[in-house]
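What follows is a single structure, written as structure tokens, with notes after it.
The values are calculated or read from the model by the stated rules, or taken from the named source; none is laboratory data. These numbers were taken from a predicted model, which means no experiment stands behind them. Cβ sites come from the backbone with ideal geometry, for glycine too, and all protein chains shown count toward neighbours.
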Amino acid sequence: MDIWTALNSVPTPILLFILVVLVIVTVYIVIENARMKGLEGIRAEIYQYMLKAEHMFKSGEGRQKLKYVVGKARGLLPGWLLFFISEDFLMELIDMWFAQVKDLLDDGKINNSENQDIAEE
């Protein structure tokens, strides 16, 4: 029995249903993959802007640094997404990423050790 004979024995509505499900699953996987690559790409660019802000502003100008990075990050997002993401949310997200970077640079691990160092002082 070859494949064509087997396919001909299956009713057409069932074949169409299986085809539609496969298309939906494929589209979902492609969209999720693109979304994750997009988020990681944006995060990498934001890290570059963080580094640039560290060199552009003096120590103690953390709020200005954050506003600079948020402004640049908003430019990286697609226009339709800006409708859903507020500037405050973006500030919190970037601030969280910055804390993770500082924690990573502290001892090479993301383990909240930087906050523990501050508490011990």
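One line per residue, one yes/no per condition, for (1) at pLDDT 85 or above; (2) exposed (fewer than 12 other Cβ atoms within 10 Å of the Cβ); (3) among the basic types (Lys, Arg):
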site: Asp2; (1), (2), (3): no, yes, no
site: Thr5; (1), (2), (3): no, yes, no
site: Val23; (1), (2), (3): yes, yes, no
site: Thr26; (1), (2), (3): yes, yes, no
site: Gly38; (1), (2), (3): no, no, no
site: Val69; (1), (2), (3): yes, no, no
site: Trp97; (1), (2), (3): no, no, no
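Report the residue count in region 49-67 for those that are surrounded by 10 or more Cβ atoms within 10 Å (Cβ to Cβ) and part of a helix (DSSP H, G or I).
Number satisfying all stated conditions: 13.
Taking interchain pairs and intrachain pairs at least six residues apart, which have beta carbon atoms under 8 angstrom, with the first residue in region 12-33 and on the phi < 0 side of the Ramachandran plot and the second in a helix (DSSP H, G or I)?
Cβ pairs passing all conditions: Leu15/Leu7.
So that you can scan it fast, the table gives a plain yes or no per residue for (1) modelled with pLDDT of 70 or more; (2) farther than 19 Å from Ala53 by Cβ:
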position: Lys65; (1), (2): yes, no
position: Gly75; (1), (2): yes, no
position: Gly79; (1), (2): yes, yes
position: Ser86; (1), (2): yes, yes
position: Leu90; (1), (2): yes, no
position: Gln100; (1), (2): yes, no
position: Leu105; (1), (2): yes, no
position: Asn111; (1), (2): yes, yes
position: Gln116; (1), (2): no, yes
